Every structure is written in C-alpha cells, then in structure tokens.
Amino acid sequence: MVYILWLFVMALAGTALAKKMKFPYPIALVLLGTSVGTFSIFNELKLHFMDEDVFRNIVIDIFLPALIGEASLKLSFRKIRANSRAILSLAIGGTLISYLTTGLLIAYLLHWPLQVALVFGALMSATDPVSIVSIFKSLGVNKDLEITMEGESLANDGVAIVLFKLTVFSYAMITSSGWMGIGFGIFEFLKVSLGGALVGSVFGFIASRVVSHFDDYPLENSFSIALFYGTYFLSESLHFSGVIAIVAAGLVLGNYGRSIGMSEKTQQSIEVFWDTIAFIGNSLIFYLVGLEIQQISISQYWGYIIIAIGVAIISRSIAVYLSTMGTTLPTSWKHILNWGGLKGSLSIALAMSLPSNFPQREAIVGLIFGVVFFSLVGQGLTIGPLIKRMPNVGIQKVK
C-alpha cells in the first residue's frame, strides 16, 4: 500500500507541476519517471512495480477498461457518424496497412522471422491518443479533427490487439493451411471484432434501460463501472475483443442512455467521475512508463531502435495517406493525424505479455520501449508547433 501511495503522490505532483507550466503532462511524467528511476533511493519502488506481471496487469486489467470507457462515453454518436468514413478508414484500413508494412520492413531490415516481425507490426499499430487530445483541447483544434483522432485511436487499439493475438497464437495454423488458413484468419478477425461489438452493444443497451429507472448518480456511476469492466472481462472470456466491447458499450450508454433517462445532474456526475478516474489512471501509467524505460536495458539495441523508429514513421505515413485517399479530409489534417499517431503504454503492456520463450522477445521489448519514448517525447513535443503551422485546423483561443 505504501508503494502505491508513493507512486500516486509522485505522479500527482508531476502532473500538477506540468499543468501549471502548461506542459503536456503525459510527456512530463514519462520524463520524470525516467529521471527518478536513476536514483537508488527509489529502487524498492521500481522493483515492486517493474515486475512484468504487475505492470501488465496495472495497464491492461485495471486501467485499460476505465480509460477506453471514459473516452467512448464522451463521444457523440452523431459526430462519429459524420466522420465515420475517415475513422473507419484509419482504424481498420490504416491499422492493417501499418501492421503489414511494419512487419515486412522489420523482417527485411532486421532479418527476423516473419511472425516475429508481424508481432512487432501489431504492437506498433496501436496508438495512444491521450497526449495528443490534451494538446488539441488546449489549442482549441477543430472538433471534427479531434473526434477523428480519438475515434481512430479507440477503434485502432481494439484492432491492433486482435492482430497481436492472432499473430502470436494462430500464425502457424494460418500460414500452414494456405488459402484455408487465410480464410480462417479473416473469419477469426471478424468473429473477435464483431463479437466484442455485439457484447458491448447489448450490455450498453441493458445498462441504459436500467439507469433510466433511477435518478441516483452514485448508483448510476456504479452501473457504469460494472458495465465497462463486466463487458471487458466477459468478452475476453468468450475470446472476443474486450476493448471493442467497451467502446461499443460506452457509445451506447453515452448516447442512447443519456437520451432516455439521465438527468443533467447525473450526466455531469458521470462525466466528472470518469474524468477523475482517467486522470489518475493516465498519470500513474505515464509515470510507470518512465520508470520502466529506465529499468529496461536498451543500450545493446540502439542501432535496431533507430531502424525501428524510422520504420514506425514510414509505416504510419503510408497507412494514413493511403487509407484516407477516398475521404474528404484536408491535407493538413492528414499531416496532423500522421505525426499525432503516438505509441504508448498499451504497446509496452502487450509486448511484456509475450510468452517468455517467444523468439526475440527481449529485443521486441527493448525496441518497443525505445520507439515509445521517442514517440511520446519527440513527436509529443513537436505536434503542437506543427498544428499551429497547419491551415484549416480551426485553432481558437482557450482560456
């Protein structure tokens, strides 16, 4: 308990200082965690939280349902539908393009087996919207651009996780069965994705009907907790996508549930409640990422990391510009969506969930940490100036 309290206090202090200085707090916490990790007095704290199972469980099982639920709960279905073509093109087409491009380039450049390279491609396809969305809000960026970025990231995480699991656990069966194997892979992808969406939609509808009979915001907040964590773990137990289930459940509750029975007080309460949970979760996760980066020995992989960073940038660029060719997105938006596709804690947690005997596991983890650090700090610090230089992004002054 003492470790958790120390972690929380340090993450909270770092976040408060960053916000006071008008600096993106996720980036500040990664840098703070990396710096703090060099001091021996924090060795016990590092050893407690840097156990791979502890880190993975904190990110995936504890905070991921809350963070995905909070984000999907606030998304307007009307605005999602208005930008659906761009969002789906990026989340499905763009993620698949990034997955394949990254995998093929890594296999060629690092001489890794194709399965190992495609696993890395799946990890690099997941994006983290937290830093970018906070910058968007501070600059008053066009709402449609913000919705497109956040909508893509939410759906993209679900698709990337499905690709990751299929590549790790079903690759041999898919590749050894020819066209039948490819058909099985497509079927499994659709089953996992659509199954998660169905579970989330059904339980989101049920939760919406239930909360419509109450005007008791502590109770309704509790229902939303049960909805997000319940749909996540139920979907995962059925071998469906838990992330896609939460996105569907949050969209239904946040739109249908809000329209049929949430009082103004309840709506405000749920929003404040989940804002607080997401704030705490993000603060702890980004601080942990900084601590973990300091712990991982990546010095032996510097050459590979530089190659991986280049591959990640190239693959994201190809994915964004190719998948959005048939959309009406302004070119300036495409530039921002491209550079704003940051990698984050989900990529790290998934990499650390690889079986201990998986080929090149240590190298994959080292490369992921290197790319994530560059992405959060390098891209995170330069996306703001890029946005300010781009036309047609609707920047407004925000007090």
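The values are calculated or read from the model by the stated rules, or taken from the named source; none is laboratory data. Not measured: the values here are computed from a predicted model. Neighbour counts are summed over all protein chains in view; Cβ atoms, including those assigned to glycine, are modelled from backbone coordinates with ideal geometry.
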Practice task
Scan the stretch 314-332 and report the pairs whose first residue is assigned to a loop (DSSP other than H, G, I, E, B) and whose second residue is not polar (S, T, N, Q), with Cβ atoms within less than 6 Å and a gap of 6+ or a chain change.
Solution key: Thr324/Lys334; Thr327/Arg85; Thr327/Ala86; Leu329/Ala86
Exercise for the section: For the stretch 344-354, enumerate the residues that are of a type in the set (S, T, N, Q) and surrounded by fewer than 24 Cβ atoms within 10 Å (Cβ to Cβ). Expected result: Ser353
Fill in the blank from the handout: Within the stretch 234-272, the count of residues that are farther than 21 Å from Phe63 by Cα and among the aromatic types (Phe, Trp, Tyr) comes to 1
Handout entry: Test: Pro391 is free of Cβ contacts under 8 Å to residues at least 12 places away in the same chain and of a type outside the set (Lys, Arg)
Key = no
Exercise for the section: With the condition kept exactly as written, say whether any residue in the stretch 390-397 is at negative phi and modelled with pLDDT of 85 or more. Expected result: no
Practice task
Exactly one condition in (1) over 28 Å from Ile305 (Cβ atoms); (2) modelled with pLDDT of 85 or more; (3) not acidic (Asp, Glu) is not met by Leu114; state its number.
Solution key: (1)
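Every residue, every condition in (1) among the hydroxyl-bearing types (Ser, Thr, Tyr); (2) under 30 Å from Val371 (Cα atoms), yes or no:
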site: Ser134; (1), (2): yes, yes
site: Glu150; (1), (2): no, yes
site: Leu154; (1), (2): no, yes
site: Leu166; (1), (2): no, yes
site: Leu190; (1), (2): no, yes
site: Ala197; (1), (2): no, no
site: Gly200; (1), (2): no, no
site: Ala207; (1), (2): no, no
Fill in the blank from the handout: Of the residues in the stretch 199-233, those that are modelled with pLDDT under 90, surrounded by 23 or more Cβ atoms within 10 Å (Cβ to Cβ) and either of a type in the set (D, E, K, R) or touching a Pro at 6+ places or on another chain (Cβ under 8 Å) (or both) number 1
Exercise for the section: Look at Leu32 and say whether it is at pLDDT 75 or above, buried (at least 22 other Cβ atoms within 10 Å of the Cβ) and part of a helix (DSSP H, G or I). Expected result: yes
Problem - Cross-chain or 6+ apart pairs with Cβ under 8 Å, the stretch 106-122 first and in contact (Cβ under 8 Å) with a residue 24 or more places away in the chain and under 14 Å from Leu166 (Cβ atoms), then of a type in the set (A, V, I, L, M) and in a loop (DSSP other than H, G, I, E, B) - result: Val119/Leu354
Exercise for the section: Sort out for me the helices (runs of 4 or more DSSP H) sitting completely within the stretch 207-292 that have 1 or more residues that are more than 17 Å from the chain's Cα centre (by Cα) and more than 26 Å from Gly196 (Cβ to Cβ). Expected result: 217-237
Completion exercise
Being closer than 23 Å to Phe23 by Cα, among the small types (Gly, Ala, Ser) and surrounded by fewer than 24 Cβ atoms within 10 Å (Cβ to Cβ) narrows Gly378, Gly341 down to just Gly378
Fill in the blank from the handout: Note on the stretch 355-364: residues in contact (Cβ under 8 Å) with a residue 12 or more places away in the chain and surrounded by fewer than 21 Cβ atoms within 10 Å (Cβ to Cβ) are Pro355, Phe358, Pro359, Gln360, Ala363
